[in-house]
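Okay, so here's the structure we're looking at.
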Amino acid sequence: MTTTLPMQGTCDARFTAVREVFAENFAHRGDVGAAVCVYVEGKPVVDLWGGYANAARTRPWERHTVASVASTTKGMVAICTHLLVERGLLDLDAPVARYWPEFAQAGKAHLPVRWLLSHRAGLPAVRCDMPLQSLFDWHAYPSVLAATEPWWEPGTQHGYHALTFGYLVGEVIRRVSGTSVGQFFRAEVAGPLTADFFIGVPESEDHRAAELLPDPPSLPGDTTFRDTIMRDPTSMAGRTFLNPPRGAAVTGSRAWRAAEIPSANGHTTARALARIYGTLAQGGVLDGVRLLHPATIEAAIVEQSCGPDAVVNHSRFGLGFMLPLPEHFRGAGIGLQPFGPNPRVFGHWGGGGSVGFADLDGRVGFGYVMNQYKTGTPRNPDLRWPVLVQAVYASLGAQ
């Protein structure tokens, strides 16, 4: 049995370097199944996929294979939020409790919506142990979060709300729009753009879902972030990522795919990611579909948080979107500008390796999805999407 399948898809001749690097990801960087797509000035210039959609390597990755993209989903939640802001239905400076009255508990009566989006709310985790079923019952997490006292004084610092972001912002979206975040996203973003992205996968689409493959063993002497937090699962960081515990048996289940977990379980293609972010890179309109207005996009990427992060070392956020970190905060060993070299670039990556972003200056939309998770360490970073991004911008510079 062969270990790899030929790549499929299309690639503009200008971007041959991207095709070559994508092939190298399978040969040298551990990809099993993956896809990459790039939009430039509203047109797809790279749309490639390859490898296998399952661990047994019996099911080829196909054009419409969807992968679970972890926190890359957060960027889609941010778009939904800004749609409501643009329509005058949501005020980012209003208290969350205006829209979600129960949230006023535990000293949170005046906490503004913008602090949810910028990870400044002090609610990266809950202190009580959450059962696994709470992931699949929408009301479970928001009700506990409404009663939770912040871990720090809101607004005084930021810390990555890895799981709770989706429930916090998603509940505001639900209260304001009258529909769930997954339904709102489908109706207002993915549907109009014909983008194959689900927050809550219909059972009819299960056959398209790639199998998630756990991290390979670390190199001797390497310590991953997960290794660190596992030393004290009851700490704030431990509860942020491990409450409730979930492994491959959970994230590969029908219950996981069906649920709306807006921080963690979006399923999509690289093509859909690149199309959505390519729309934003075009000033918010593509193929006659208006997603957001330019002024809304510019406001969404104004820096809100930057520097030491109470949960994950260092981070930088606008309003729901990740922004590239300044050089002195970047992880050792990567050496590549995240999301490309231009200043007005934003998006979100997901644990394990997926990423989507928009570049307003280069008018680039980028998406990369995969099924082989790789956490990476400073000594052994996951370079799969950074080298693809580097190849994209090298190709643009060569025109």
* To do: Please report, in debye to the nearest 20, how large the charge dipole of the chain is about its Cα centre when each Lys and Arg carries +1 at its beta carbon and each Asp and Glu carries -1 there.
  => 180 debye
* **Positive-end residue, the chain charge dipole about Cα centroid, Cβ charges, pick of Ala187, Ala249, Gly353** => Ala249
* Structure fact -> Cβ-Cβ cut-off under 14 Å around Gly397, Lys and Arg +1, Asp and Glu -1: the net charge is -1
* **Value of relative contact order over the chain, rounded to a whole percent, pairs C-alpha under 8 Å and six or more apart** => 25 percent
* Structure fact -> For the range 112-215, the percent of all C-alpha pairs falling in each 10 Å bin, from 0 up to the bin holding the max distance, is 13, 36, 35, 15, 1
* Report, in debye and to the nearest 20, how large the dipole of the range 47-172 comes out about its Cα centre when Lys and Arg carry +1 and Asp and Glu carry -1 on their Cβ. => 300 debye
* To do: Quick one: grab the alpha carbon gyration tensor of the range 1-147, order the square roots of its eigenvalues as a ≥ b ≥ c, and give me rounded if a/c is under 1.5, else prolate or oblate depending on whether a/b is larger than b/c.
  => prolate
* Around Ala97: net Lys/Arg minus Asp/Glu count, Cβ-Cβ under 12 Å -> +1
* Asked: Where does the chain land at 222 nm, in deg cm²/dmol rounded to the nearest 500, when only DSSP H runs of n ≥ 4 count, each adding -39500 (n - 2.57), divided by all residues?
  -> -8000 deg cm²/dmol
* Under 16 Å from the Cα of Lys43 - aspartates and glutamates, other chains or at least 8 residues apart -> Asp12, Asp287, Asp359, Asp361
* Structure fact -> Protection proxy (average C-beta count within 10 Å per residue), highest first, orders 42-48, 307-313 as 42-48, 307-313
* Give me the percent of DSSP beta bridges within the chain that run antiparallel, rounded to the nearest 5. => 95 percent
* Asked: Semi-axes of the equivalent ellipsoid of the chain: what are they in whole Å, largest first, if each equals the square root of 5 times a C-alpha gyration tensor eigenvalue?
  -> 31, 24, 21
* Structure fact -> Sorted on mean Cβ neighbours within 10 Å (highest first), peptides 367-380, 234-247 come out as 367-380, 234-247
* Structure fact -> Residue separation between Glu62 and His139 times 0.36 nm, minus their alpha-carbon distance, gives in nm 24.2 nm
* Asked: Want the number for Glu303 to Glu41: 0.36 nm per residue separation, take away the alpha-carbon distance, what's left?
  -> 91.8 nm
* Structure fact -> Looking only at lysines whose Cα falls under 29 Å of Lys374's and that sit 8 or more positions away or on another chain, we get Lys74
* To do: Could you check the simple spin-label distance between Ser218 and Ala106, using points 7 Å along Cα→Cβ, in nm with one decimal?
  => 3.0 nm
* Rounded, prolate or oblate: pick one for the range 250-399, where a ≥ b ≥ c are the square roots of the eigenvalues of its C-alpha gyration tensor, a/c under 1.5 means rounded, and failing that, prolate if a/b is larger than b/c, else oblate. => rounded
* Asked: Is the range 153-290 rounded, prolate or oblate when judged by the Cα gyration tensor, a ≥ b ≥ c being the square roots of its eigenvalues, rounded requiring a/c under 1.5 and prolate requiring a/b larger than b/c?
  -> prolate
* Structure fact -> Ordering 137-147, 212-222 by per-residue average of other C-beta atoms within 10 angstrom, highest first, gives 137-147, 212-222
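Here, each number is a calculation from the coordinates, and none is a lab measurement. The shown structure was predicted, so the numbers you read here are calculated from the model rather than taken from an experiment. Counting neighbours? That spans all protein chains shown, and the Cβs are built from the backbone with ideal geometry, glycine included.
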